[in-house]
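Visitor: Just passing along the structure, written as structure tokens.
The values are calculated or read from the model by the stated rules, or taken from the named source; none is laboratory data. As the structure is a computational prediction, the values presented were derived from the model and not from experiment. Heads up, the Cβs are rebuilt from the backbone with ideal geometry, glycines too, and the neighbour counts pull from every protein chain shown. Quick note on the areas: whole protein, heavy atoms, side chains included, nothing else; ligands and nucleic acids left out. Shrake-Rupley method; radii C 1.70, N 1.55, O 1.52, S 1.80 Å.
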Amino acid sequence: MTTLENASAVLKLFSRQGIRQGHPGLSFSDVVENLKLPKSTVSRLLMTMETEGLLERDPDSRLYRIGKLLLAVSSHYLSTPLVDTASPYMTQLSQLTQCTGYISMLEGRDILVMRMFPGRTYLQVVTPAGSLLPAHETAIGRAILARYSDDEVMQRFHGEYQVNSVNAPASMALLLARLAEVRNTGVSFANNETLLGISSLATSIFNKHRNETVGLCLSFPSPAQGKEIPQGIKEGLIAVTRQLAEKLGDEYWHLPTRE
């Protein structure tokens, strides 16, 4: 393997060993044993990584920890607003699926559209950034609401539950049932709710470093009765969400029930 591949293997070892902040670190022997490399190679590799700021060595224990360079880079990445972090992913996903993409945040009982990514289908779905929509009547709103407990959801509505769409959950009990499904699969679906002829799939992602949650959504023409969602839409949305979850440490997407 190249030096870069070996360095990457060392950093992945931190993850596999569950070494977090406050942990003593990795020993020289840990690296030799796990990477199955000659001691001379590991010695040069760790010395180079330490010199370049990728690792630092405790002067007393002689154990290796993540270096200041990596910490600075990761801190900058994790402190970026979640909307900005997710936007490049949604831009690409919208182009690949030809669906209209959205990133939204929860505002009280509504979702606020933060970004829109135009699709290329013959039917353009346009809900401009800045729009407010009832959270319980949208796929993306329910994807975010599912992050809260049933008690928290009920408190948010203060006993005042109304719907405008005949296809939205007609009661709080039905909403809670839908949210339970979303918590089980991670994916929220809306069919002919906000607009007739339009369906949406949505997920949510959480950045614990900024305490931010956003919903990710793809909208597309509703499939004909008996037809399934066009191939690639659901798979693409889940793949993007998982990528972001891995980068941000969102354990919600580590559960085995997630599709």
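Visitor: Among Tyr89, Ser27, Leu248, pick out the residue whose Cα is farthest towards the positive end of the charge dipole of the chain, where Lys and Arg carry +1 and Asp and Glu carry -1 on C-beta, about the Cα centre.
Guide: Of the options given, the answer is Ser27.
Visitor: OK, next. About its Cα centre, what dipole magnitude does the stretch 112-259 give when the only charges are +1 on Lys and Arg Cβ and -1 on Asp and Glu Cβ, stated in debye to the nearest 20?
Guide: On the way: 14 positive and 14 negative charges, 79 e Å.
That gives the stretch 112-259 a dipole magnitude of about 380 debye.
Visitor: In degrees from 0 to 90, rounded to the nearest 10, what is the angle of the helix 172-185 Cα long axis to the longest principal axis of the chain?
Guide: Value to nearest ten degrees: 30.
Visitor: Which shape class applies to the stretch 45-164: rounded if a/c is under 1.5, otherwise prolate when a/b exceeds b/c and oblate if not, where a ≥ b ≥ c are the square roots of the Cα gyration tensor eigenvalues?
Guide: On the way: a/c = 4.22, a/b = 1.88, b/c = 2.24.
Oblate shape, in that a/c is at least 1.5 and b/c is the bigger or equal ratio.
Visitor: Size of the dipole of the chain about the Cα centre, Lys and Arg at +1 and Asp and Glu at -1 on the beta carbon, nothing else charged, in debye to 20? Provide the component values of the computation, followed by the final result.
Guide: On the way: 25 positive and 25 negative charges, 112 e Å.
For this selection, approximately 540 debye.
Visitor: For Lys247, list the lysines whose Cα falls under 17 Å from its own Cα; do not include residues on the same chain fewer than 8 positions away.
Guide: Candidates past the 8-residue exclusion: Lys12, Lys208.
Visitor: Could you size up the charge dipole of the stretch 31-174 around its Cα centre, putting +1 on the beta carbon of Lys and Arg and -1 on that of Asp and Glu, and report it in debye to the nearest 20? Write out the running numbers ahead of the final one.
Guide: Details: 13 positive and 14 negative charges, 122 e Å.
So the magnitude is around 580 debye.
Visitor: Placing +1 on the Cβ of each Lys and Arg and -1 on the Cβ of each Asp and Glu in the chain, which of Val42, Val153, Leu55 has its Cα farthest towards the positive end of the resulting dipole?
Guide: Of the options given, the answer is Val42.
Visitor: Please name whichever of Thr194, Val163, Ser204 sits farthest to the positive end of the charge dipole of the stretch 131-204, dipole taken about the Cα centre and charges placed at Cβ: Lys and Arg +1, Asp and Glu -1.
Guide: Farthest along the dipole direction, towards plus: Ser204.
Visitor: So, one more: Quick one: grab the alpha carbon gyration tensor of the chain, order the square roots of its eigenvalues as a ≥ b ≥ c, and give me rounded if a/c is under 1.5, else prolate or oblate depending on whether a/b is larger than b/c. Spell out each step's value before the answer.
Guide: Numbers: a/c = 2.78, a/b = 2.21, b/c = 1.26.
Prolate shape, in that a/c is at least 1.5 and a/b is the bigger ratio.
Visitor: Normalised by the residues of the stretch 59-191, what does the relative contact order come to in percent, with Cα pairs under 8 Å and at least six apart? Before the final figure, lay out the partial values.
Guide: Values: 154 pairs, mean separation 21.8, N = 133.
Relative contact order of the stretch 59-191: 16 percent.
Visitor: At 1.4 Å probe size, with every protein chain present, just tell me what the per residue accessible area of the chain comes to in Å².
Guide: Solvent-accessible surface per residue comes out at 54 Å².
Visitor: Pairing the Cα long axis of helix 233-248 with the longest principal axis of the chain, what angle in degrees results, from 0 to 90 and rounded to the nearest 10?
Guide: Taking the Cα atoms of the chain, the angle to 233-248 is about 40 degrees.
Visitor: Any idea what the relative contact order of the chain is, in percent, if you count C-alpha pairs under 8 Å spaced at least 6 apart? Working shown, then result.
Guide: Values: 407 pairs, mean separation 38.6, N = 259.
Here the relative contact order equals 15 percent.
Visitor: Now, a different point. Any idea how far the Cα center of the stretch 135-193 sits from the one of the stretch 27-48, in Å?
Guide: Each part's Cα centre sits 52 Å from the other's.
Visitor: How many percent of the accessible area of the chain is carbon or sulfur, using a 1.4 Å probe?
Guide: Carbon plus sulfur share of accessible area: 54 percent.
Visitor: Next question. If you find the alpha carbon centre of the stretch 210-259 and of the stretch 81-112, how far apart are they in angstrom?
Guide: If you average the Cα positions of each part, the centres end up 11 Å apart.
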